[in-house]
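The values are calculated or read from the model by the stated rules, or taken from the named source; none is laboratory data. As the structure is a prediction and not an experimental result, all values here were calculated from the model. Here Cβ is always computed from backbone atoms with ideal geometry, including for glycine, and neighbour counts include all displayed protein chains. Calculation scope for accessible area: heavy atoms of the full protein, side chains included, ligands and nucleic acids excluded. Shrake-Rupley method; radii C 1.70, N 1.55, O 1.52, S 1.80 Å.
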Amino acid sequence: GRISGFVDVTIGGNEIRAVNGFSELDVQNYYELVAHSDIWLTAFDNLETLTVSGITSFMSGDKLNMKSAKAMDIKTEADGLTIYSEGLVTETFRASQITNITGTLDITTTGDITIDSGSANIELNP
């Protein structure tokens, strides 16, 4: 069908929509999704978000959790990576950490630097 004007649909109860093929939504202007409770996105294979140009933002009023059952990659293809925190930053590695830096490592602190090793060997090589 084709509707050439405004459509306003109010559903007084629940809606369940099952599409046995594919479903596509093409919006030429602004698209807004508002839920006054939770939003769940489930993909049994891949969930991909694309921004052709511009900014993609994830914001949370409380906590923002990111979790992967396997490997997780965070990659920037240009302009570097900047992480800001207004509070404490804690990193916990349950296995080894390998850091490769091809440029300069600059550590600035207004407090102490403490290096603890489970073994007695700490090597600093020029």
Neighbours by Cβ (under 9 Å, 6+ apart or cross-chain): first from the stretch 102-126, over 26 Å from GLY80 (Cβ atoms) and aliphatic (A, V, I, L, M); second assigned to a loop (DSSP other than H, G, I, E, B) and open to solvent by 100 Å² or more (accessible area, probe 1.4 Å): ILE122/ILE115
Any hit, the stretch 26-38, residues being open to solvent by 100 Å² or more (accessible area, probe 1.4 Å), farther than 30 Å from SER117 by Cβ, in a loop (DSSP other than H, G, I, E, B) and small (Gly, Ala, Ser): no
Neighbours by Cβ (under 9 Å, 6+ apart or cross-chain): first from the stretch 60-78, surrounded by fewer than 10 Cβ atoms within 10 Å (Cβ to Cβ); second assigned to a loop (DSSP other than H, G, I, E, B) and of a type in the set (Lys, Arg): none
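Let's see how each residue does on (1) within 24 Å of the chain's Cα centre (by Cα); (2) aliphatic (A, V, I, L, M):
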residue	(1), (2)
VAL34	yes, yes
GLY54	yes, no
LYS70	yes, no
ASP73	yes, no
GLY103	no, no
Residues of the stretch 39-52 satisfying the condition of being open to solvent by less than 100 Å² (accessible area, probe 1.4 Å) and either outside any loop (DSSP other than H, G, I, E, B) or of a type in the set (S, T, N, Q) (or both): THR49, THR51
Selected residue (criterion: least open to solvent (accessible area, probe 1.4 Å)) from residues of the stretch 100-126 that are farther than 21 Å from VAL89 by Cα and of a type in the set (S, T, N, Q): SER119
Qualifying residue in the stretch 47-58 (condition: among the charged types (D, E, K, R), at pLDDT 90 or above and on the phi < 0 side of the Ramachandran plot): no
Residue that is hydrophobic (A, V, I, L, M, F, W, C) and over 14 Å from the mean Cα position of the chain (by Cα), where the choices are ILE115, ILE83: ILE115
